[in-house]
Amino acid sequence: MRITALAGGVGGARFLRGLLAHLRADEDPARRDARVTVISNTADDITLHGLRVSPDLDSVMYTLGGGIDEGRGWGRSEETSGVADELAAYGQSPTWFTLGDKDLATHVVRSRLLAEGRTLSEATAVLCERWRPGVRLLPMTDDVVETHVDLAPVDPAAHHGEAGGRRVHFQEWWVRLHAAVPALAIEPVGAAQARPAPGVLEALREADVVLLPPSNPVVSIGTILSVPGVREVLLARSAPVVGVSPVIAGAPVRGMADACLSAIGVPTTAAAVAGLYEGLLDGWLVAEGDDVPARPGLTVRSRPLLMSDAPATAALAGAALDLALDLVRKDRAA
Ligand code: GDP
Ligand code: CA
């Protein structure tokens, strides 16, 4: 069986770890030996201190490779900040983006490979030789795509001196401003001209099942879908696409995804997120108590959606896969 998943950072990585745990414990050899390809969002990527940082690729790589800081859900475990402290002593900005010493080594390797003319796909493959994440990890594109955010004008006194009314990199809005300054628009700059990375469209075309983990629907899944060809391939294919709602009872569980949804005028509900994936989605897992009106071609199932620990996360991934395989059977029977 071939499974292809789109993924952002923490939510995607945790779900994928549950998926692998579920698959490897399955008695059915087709599921146990399933091959998983992950298409990672790269629009959060940013150049800091001359280094290319790919937060979502790294979250998936570290989480699946056993190097993640479990508490934060991102960055390396047992991390130190010697280099960041020295950079701050030189007055080098930005200081708001945490770059640990171990994590920096990843960005040095990636940046060096890119400077030598290798693609992001190639650099990712080199980094994965160490981490062996157990999936084929592909960036959505080798071209530069960066999400930028138009900040609403705000009172600087209420926002630590930020007056808004300007355009910033997504990371500055998310990390420095904690998305507390309302966004007027969120744009994946460069996406319209980007080409899918090698293997991306094939992995979607050839998959038996496509999964959308509970990643941010705007700045993670949304940006992957904005790479030309990705949405078109998903619309044209017959294998099921099953998503897991990143919203439970009107809240994004962890993080500030509601700020992204507000910026594009979409309510923070499981039903509204399904609406964003209109036409793509065949199955949608929602939390118990979250009503999503049925519509033709969409099967909605409710399950516990909280990735609270490893067993709960594996069960959630198993439920997503079960729904997908039920849809395959239903399709065959029809
Ligand atoms: P990021 O790139 O690190 O922000 O991570 P993702 O885009 O992959 O995922 C972030 C989203 O995961 C958040 O917006 C939450 O809505 C969702 N999320 C986090 N934890 C859980 C959970 O336990 N269950 C569900 N269903 N969603 C979650
Ligand atoms: Ca991200």
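Scanning the stretch 10-19 for residues that are within 14 Å of ligand 2 (Cβ to nearest atom), of a type outside the set (A, V, I, L, M, F, W, C) and open to solvent by 10 Å² or more (accessible area, probe 1.4 Å) yields 11, 14. Would you please name the residue that is farthest from residue 14 (Cα to Cα), looking only at residues in the stretch 204-216 that are open to solvent by 10 Å² or more (accessible area, probe 1.4 Å), touching a helix residue (DSSP H, G or I) at 6+ places or on another chain (Cβ under 8 Å) and more than 8 Å from ligand 1 (Cβ to nearest atom)? Of everything passing the filter in the stretch 204-216, 205 is farthest from residue 14 (Cα to Cα).
Close Cβ contacts (under 6 Å, 6 or more residues apart or on different chains) running from residues in the stretch 202-217 that are free of Cβ contacts under 8 Å to residues at least 60 places away in the same chain to residues that are more than 16 Å from ligand 2 (Cβ to nearest atom) comprise 205/233.
Examine the stretch 181-188 for a residue that is within 16 Å of ligand 2 (Cβ to nearest atom), in contact with a Lys or Arg (Cβ under 9 Å, 6 or more places away or on another chain) and modelled with pLDDT of 95 or more, and state whether such a residue exists. Yes, the stretch 181-188 contains at least one residue that is within 16 Å of ligand 2 (Cβ to nearest atom), in contact with a Lys or Arg (Cβ under 9 Å, 6 or more places away or on another chain) and modelled with pLDDT of 95 or more. Within the stretch 71-79, can one find any residue that is over 23 Å from residue 217 (Cα atoms), in a helix (DSSP H, G or I) and out of contact with any Pro (no Cβ under 9 Å at 6 or more places or on another chain)? Checked the stretch 71-79: no residue is over 23 Å from residue 217 (Cα atoms), in a helix (DSSP H, G or I) and out of contact with any Pro (no Cβ under 9 Å at 6 or more places or on another chain).
Checking each residue in the stretch 199-227 for being more than 16 Å from ligand 2 (Cβ to nearest atom) and touching a strand residue (DSSP E or B) at 6+ places or on another chain (Cβ under 8 Å) picks out 199, 200, 203, 204, 206, 207, 208, 209, 210, 211.
Just to be sure, is residue 71 modelled with pLDDT under 95, within 16 Å of ligand 1 (Cβ to nearest atom) and either surrounded by 17 or more Cβ atoms within 10 Å (Cβ to Cβ) or over 14 Å from residue 321 (Cβ atoms) (or both)? Yes; evaluated as a whole, the condition is true for this residue.
On inspection, residue 130 fails the criterion of being away from ligand 1 (no atom under 16 Å from the Cβ), at pLDDT below 95 and in the same structural domain as residue 10 (by TED's automatic domain parsing). State whether the residues of the stretch 254-266 include one that is assigned by TED's automatic domain parsing to the domain that holds residue 31, of a type outside the set (Gly, Ala, Ser), exposed (fewer than 13 other Cβ atoms within 10 Å of the Cβ) and free of Cβ contacts under 8 Å to residues at least 40 places away in the same chain. Scanning the stretch 254-266, I find no residue that is assigned by TED's automatic domain parsing to the domain that holds residue 31, of a type outside the set (Gly, Ala, Ser), exposed (fewer than 13 other Cβ atoms within 10 Å of the Cβ) and free of Cβ contacts under 8 Å to residues at least 40 places away in the same chain, so the answer is no. Each residue in the stretch 119-169 was checked for being charged (D, E, K, R), open to solvent by 20 Å² or more (accessible area, probe 1.4 Å), outside any strand (DSSP E or B) and at negative phi, and 7 of them qualify. For the stretch 24-65, taking the residues that are among the small types (Gly, Ala, Ser) and either within 13 Å of ligand 1 (Cβ to nearest atom) or under 23 Å from the mean Cα position of the chain (by Cα) (or both), the one that is surrounded by the fewest Cβ atoms within 10 Å (Cβ to Cβ) is identified as 65.
If you scan the stretch 81-108, which residues turn out to be open to solvent by 60 Å² or more (accessible area, probe 1.4 Å) and either in a helix (DSSP H, G or I) or in contact with a Leu (Cβ under 6 Å, 6 or more places away or on another chain) (or both)? Result: 83, 85, 86, 89, 102, 108.
Quick check on residue 136: is it in the same structural domain as residue 86 (by TED's automatic domain parsing) and closer than 13 Å to residue 199 by Cα? Here the answer is yes, as residue 136 does meet what is asked. Could you list, in sequence order, all residues of the stretch 290-329 that are in contact (Cβ under 8 Å) with a residue 24 or more places away in the chain and open to solvent by 80 Å² or more (accessible area, probe 1.4 Å)? Of everything in the stretch 290-329, just one residue is in contact (Cβ under 8 Å) with a residue 24 or more places away in the chain and open to solvent by 80 Å² or more (accessible area, probe 1.4 Å), namely 306. Against the definition (free of Cβ contacts under 8 Å to residues at least 60 places away in the same chain and within 14 Å of ligand 2 (Cβ to nearest atom)), how does residue 38 come out, yes or no? No; evaluated as a whole, the condition is false for this residue.
Scanning the stretch 228-255 for residues that are under 26 Å from residue 185 (Cβ atoms), out of contact with any strand residue (DSSP E or B) (no Cβ under 9 Å at 6 or more places or on another chain) and away from ligand 1 (no atom under 16 Å from the Cβ) gives 231, 232, 235. For first residues located in the stretch 60-82 and farther than 21 Å from residue 42 by Cα, partners that are part of a loop (DSSP other than H, G, I, E, B) and open to solvent by 30 Å² or more (accessible area, probe 1.4 Å) and lie 6+ apart or on another chain with Cβ distances below 6 Å form the pairs 77/69.
The values are calculated or read from the model by the stated rules, or taken from the named source; none is laboratory data. Nothing here was measured: the structure is a model prediction, and the numbers come from that model. Ideal geometry is used to build each Cβ from the backbone, glycine not excepted, and the neighbour counts take in all protein chains shown. Ligands, DNA and RNA are excluded from the accessible area calculation, which covers all protein heavy atoms including side chains. Shrake-Rupley method; radii C 1.70, N 1.55, O 1.52, S 1.80 Å.
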